[in-house]
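Asks: One structure, as structure tokens, below. Some questions next.
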Amino acid sequence: MAKEIYTKYKMAKYLRKEALPTALCPGCGGGTVLNAFANAIDQLGIDPRDLVVVSGIGCSAWIASPYFLADTLHTTHGRAIAYATGVKVGLPDKKVVVISGDGDLAGIGGNHLIHAARRNIDITVILVNNFIYGMTGGQVAPTTPFGAITTTSPYRNVEHPLNIAETVTSAGASYVARWTTFHVYQLIESIKRALSVKGFALVEAISQCPVQFGRRNRMKTPTEMLRWFQKNSVPISKARNMSPDELEGKIVVGELVNREKPEFTEELNSLIEEVSKHYGLGDNNAD
């Protein structure tokens, strides 16, 4: 019966059916992100054999590995972007995608995130932000909203969260967008754009975690969290005319930047070619 259900799903050709059903918690937004990514790949007509998908450690790292049917690297904690950088430099013709969580990419791996954006290396990062370290017990994360309850901030969080999308924009990325798992169709379109640009592209996907974050913050069901996303999301066009006080606790959604800049691997290979010509490397007629 399970096989029959999976074969009816249009995106099943992109999934490892032997790994299903997923180990994700009931109501987790990870399945929505996987679905959005598969739809984006399908609509763009990208052959999964031309993909390398990299993930780190954490709940959201499971979205790519083991469920997406492509070459995948399940790497060490916080190092997914570093691995992806090596893959892209070594295999520049491959489309390299990183899918992992906020703790993995913006917490432990925050330095790699900033510098990959600064270098503008041609990789696509889908950063799934559920506001918490979900897999290891629900600890406070760099993205946990001010005042929220976690296992390590049981009275309330007194830290202000890292604004990931704005940070990556300032670091120099070619493309940056933010949506929630409530905005499914917009999320798919942004992933498509991110996969199509030349340069570093980040899509921050705000995702529900009813088990760890929601139940501690009066949102025990995924539906309640999705309604919270809907209620608290502000389009970027509107947010530009709002004060910081008005935006406190809001989720600014939309496309932050889409610009053309020199890309790292192209510049690197161009430099290698220049140096090789200068020194006659690879030239059989050189003295």
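The values are calculated or read from the model by the stated rules, or taken from the named source; none is laboratory data. For clarity, every value in this text was computed on a predicted model and none was experimentally measured. When we count neighbours, we look across all protein chains shown, and the Cβ atoms used for this are built from the backbone with ideal geometry, even at glycine. SASA here: full protein model, heavy atoms, side chains in, ligands and nucleic acids out. Shrake-Rupley method; radii C 1.70, N 1.55, O 1.52, S 1.80 Å.
Asks: List the pairs from LYS8/LYS94; LYS10/LYS88; LYS94/LYS198; LYS10/LYS250 whose alpha-carbon separation is above 24 Å, in the order I gave them.
Replies: Going by Cα-Cα distance, LYS8/LYS94; LYS10/LYS88; LYS10/LYS250 fall outside the 24 Å limit.
Asks: Moving to a separate point now. Among DSSP bridges having both ends in region 10-261, what percentage is antiparallel? Round to the nearest 5.
Replies: Here the antiparallel bridges make up roughly 20 percent for region 10-261.
Asks: Mind checking the full-extension length gain between ASP42 and LEU20? Use 0.36 nm per residue of separation minus the Cα-Cα distance, one decimal, nm.
Replies: 5.9 nm
Asks: Shifting gears a bit: LYS220: which lysines have alpha carbons under 18 Å from its alpha carbon, excluding same-chain residues fewer than 8 sequence positions away?
Replies: LYS231
Asks: Next up: By how many nm would the segment from ASP50 to LYS13 grow when fully extended, if each residue of separation counts as 0.36 nm and the alpha-carbon distance is taken off?
Replies: Here the answer is 11.8 nm.
Asks: If Lys and Arg each add +1 and Asp and Glu each add -1, what is the summed charge of the other residues whose beta carbon sits under 14 Å from the beta carbon of SER190?
Replies: 0
Asks: To the nearest 20 debye, what charge dipole does region 1-119 have about its Cα centre, counting +1 at the Cβ of each Lys and Arg and -1 at the Cβ of each Asp and Glu?
Replies: 120 debye
Asks: Relative contact order for the chain using alpha-carbon pairs under 8 Å, separation at least 6, rounded to a whole percent?
Replies: Relative contact order for the chain comes out at 16 percent.
Asks: In whole Å, largest first, what are the principal axis extents of the Cα atoms in region 198-239?
Replies: Here the spans come out as 40, 24, 14 Å, largest first.
Asks: Ignoring everything except DSSP H segments at least 4 long, calculate the 222 nm mean residue ellipticity for the chain; use -39,500 (n - 2.57) per segment, divide by total residues, nearest 500.
Replies: Calculated mean residue ellipticity at 222 nm is -10000 deg cm²/dmol.
Asks: Using 0.36 nm times the number of residues separating GLU273 and ARG118, minus their current alpha carbon distance, what extension gain do you get?
Replies: Working it through step by step, the gained length comes to 53.5 nm.
Asks: Right, something else. For ILE236, project a label point 7 Å along Cα to C-beta. Then give me every residue of region 119-150 with its amide nitrogen under 17 Å of that point.
Replies: Residues 124-129 fall inside that zone.
Asks: Now for a different question. Please determine, in degrees from 0 to 90 and to the nearest 10, the orientation of helix 80-90 with respect to the longest principal axis defined by the Cα atoms of the chain, where the helix direction is its Cα long axis.
Replies: With rounding to tens, the tilt is 20 degrees.
Asks: For region 139-245, what are the per-bin percents of Cα-Cα distances with bins 10 Å wide, up to the bin holding the maximum?
Replies: 13, 38, 36, 12, 0
Asks: Turning to a different aspect of this structure: Cβ under 13 Å from GLY138's Cβ, GLY138 left aside: what net charge do those residues give with Lys, Arg +1 and Asp, Glu -1?
Replies: After counting each charged neighbour, the total is +2.
Asks: Keeping every protein chain present and rolling a 1.4 Å probe, give me the accessible area per residue for the chain in Å².
Replies: Value for the chain: 50 Å² per residue.
Asks: Related question: Expressed in nm², what is the orientationally averaged projection area of the convex hull enclosing the Cα positions of the chain?
Replies: Average projection, Cα convex hull of the chain: 17.3 nm².
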